[in-house]
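Novice: One structure, pasted below without further comment.
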Amino acid sequence: MTERMRISSAGLELIKTFEGLRETAVRLPDGRWTIGYGHARTAREGLTIAAKDAQDLLVHDLRPIESAVSVLIYAPLLQSQFDALVSLAFNISLGQFRDSEIVRNLNAGDYLAAANGFDLWRKARINGRVMVVDALVRRRAAEKSMFLQHPSGPSPA
């Protein structure tokens, strides 16, 4: 049995970039609290966290995401593909990730269709309306780019 993949430092940095560091807990529009890099489970009013502890908490929060991606995806993955999928699943929830076209396409061996599936996750409900959100457009573009990244890096034009 091979060891399950873990997110790389590049994948971790991608998530940290888009989640942003909150050293003090803040209330989200849906009423939940968040702290650190998107941690919501134990966040509450008045909590503070140091940057190092926030990163450690993020790594801890990603463990079940990493395990789920490893279990849900049967197709072989490059590290960059795994990182992009973990970032997406962390952001949209494991339930939505599990039921996504991305998972279905990957398990069918269609990597390009899976990559194009990132574009479907650019919308959010804001004030009761579902709309394309600029921050999600940028995040999905970065995740898709990471997913499509060749292991040897970009080729010269």
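The values are calculated or read from the model by the stated rules, or taken from the named source; none is laboratory data. Here the structure is a predicted model, which is why all the values come from computation and not from measurement. Counting neighbours? That spans all protein chains shown, and the Cβs are built from the backbone with ideal geometry, glycine included. Heavy atoms of the whole protein, side chains included, go into the accessibility calculation; ligands, DNA and RNA do not. Shrake-Rupley method; radii C 1.70, N 1.55, O 1.52, S 1.80 Å.
Novice: Roll a 1.4 Å probe over the protein chains and send me the accessible area per residue for the chain in Å².
Specialist: Accessible area per residue, the chain: 58 Å².
Novice: What number, in nm² with one decimal, is the all-direction average of the projected area of the convex hull of the alpha-carbon atoms of segment 1-68?
Specialist: Hull-based average projected area comes out at 5.2 nm².
Novice: Keeping the other protein chains in place, figure out the carbon and sulfur percent of the accessible area of the chain, with a 1.4 Å probe.
Specialist: 54
Novice: For the chain, what is the mean residue ellipticity at 222 nm derived from helices alone (per DSSP H run of n ≥ 4: -39500 (n - 2.57); sum divided by total residues; nearest 500 deg cm²/dmol)?
Specialist: So the calculated ellipticity at 222 nm is -16000 deg cm²/dmol.
Novice: What whole-number distance in Å separates the alpha-carbon centres of segment 101-133 and segment 1-76?
Specialist: The distance from the Cα centre of segment 101-133 to that of segment 1-76 comes to 20 Å.
Novice: Whole number please: convex hull volume per residue of the Cα set in the chain, in Å³?
Specialist: Value for the chain: 133 Å³ per residue.
Novice: Just need the relative contact order of segment 1-129 here, percent rounded to a whole number, with Cα pairs under 8 Å and 6+ apart.
Specialist: 20
Novice: Enumerate the amide H contacts of Arg22 below 5 Å, restricted to partners 5 or more residues apart or on another chain; note that Pro and chain-start residues carry no placed amide H.
Specialist: So Arg22 has HN proximity to Gly36, Tyr37, Gly38.
Novice: Kirkwood-based Rg over Rh for segment 94-157 (C-alpha set), two decimals?
Specialist: 1.05
Novice: Considering amide H positions built from the backbone, and no H for Pro or chain starts, which residues 5 or more places from Asp110, or on another chain, come under 5 Å of its amide H?
Specialist: none
Novice: Further, regarding this structure: Could you tell me the calculated FRET efficiency between Thr24 and Arg104, based on Cβ-Cβ distance and R0 = 41 angstrom, to the nearest 0.05?
Specialist: Given R0 = 41 Å and the Cβ-Cβ separation, E is 0.55.
Novice: About the Cα centre of the chain, what is the dipole size in debye to 20, counting +1 per Lys and Arg Cβ and -1 per Asp and Glu Cβ, all else neutral?
Specialist: 400
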